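Asker: My structure is below; once you've seen it, I'll send some questions.
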Amino acid sequence: MAENQLMTIVGVGDQLGLALSRYFGKKGFTIAMIARNTEALHKMQKKLEKENIESYYFTADVTDEVSYRKVFGYIKDSLGNTDVLIYNASSSRKSYLLQENTAQMTYDFQVNVVGALIAVQEILPGMEQKKEGKIFFTGRGVSLEPDWRYGSLGIGKSGLRNAAYALHQELKAKNIHVATVTICGMIQPEAEKYNPPAIAQQFWKLYQQKQENFEKEIVY
């Protein structure tokens, strides 16, 4: 089904990011992983290799716009156009809005929202040329029900959700599917519902949707 297709995932960690890489990789995708930690990326690539999943990793910080944009050029030149983009990067921490400072809030917003929009800008021309594509964001429940202990994250994920809805409206007619998976629980490997493989399956549900049935959000 996904022969010769490329999934690029931004913000790959050893929980959901790895689970997404594994889930789509087992469906036949080649995986391009982007994150800041080269050593961690290398370890994950070796894990995927043992499962016969073709994957490559690229080191970048989403808040360093120049080098971050360049990474997408490297991916296109070496692997081709991205068929599925998943933006999974997040600046998640306890934060109380009345105690926040401008620098930290700006950094969080860059990671939670701006980095996603840059990724979309970079991969979109290839999707438009092919007249199809999938762009998915990892959302969180604080975008629906704010938690005062995670003020900055709530603002960021609300912005990301708004962006997903707006891009969905703009790109659906081009057969490019933009959506968010809004996760309303703590991601834990042993959790009955919120375990990484179960969440990855929600992204796959979106991937399988045809243009006339594109959903803009799965609340999970």
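Asker: Taking Cα pairs under 8 Å and at least six residues apart, what relative contact order does segment 6-219 come out at, in percent?
Answerer: Details: 371 pairs, mean separation 42.4, N = 214.
Relative contact order, segment 6-219: 20 percent.
Asker: Using mean Cβ contacts within 10 Å as the protection proxy, how do 45-57, 14-26 order, highest first?
Answerer: My ranking of the peptides, most packed first, is 14-26, 45-57.
Asker: For the chain, what does the equivalent ellipsoid look like in terms of its semi-axes, each the square root of 5 times an eigenvalue of the Cα gyration tensor, given largest first in whole Å?
Answerer: Working: eigenvalues 123, 77, 68 Å².
Rounded to whole Å, the semi-axes are 25, 20, 18.
Asker: What does the highest-first list of 113-121, 129-137 look like by mean Cβ count within 10 Å? It would help to have the intermediate numbers written out before the result.
Answerer: Values: 113-121: 20.8, 129-137: 18.8.
Put in order of decreasing packing, that is 113-121, 129-137.
Just so you know, all these numbers are worked out from the coordinates, no wet-lab data involved. Please read all numbers here as calculations on a predicted model, not as lab measurements. Cβ atoms come from the backbone with ideal geometry, glycine included; neighbour counts cover every protein chain shown.
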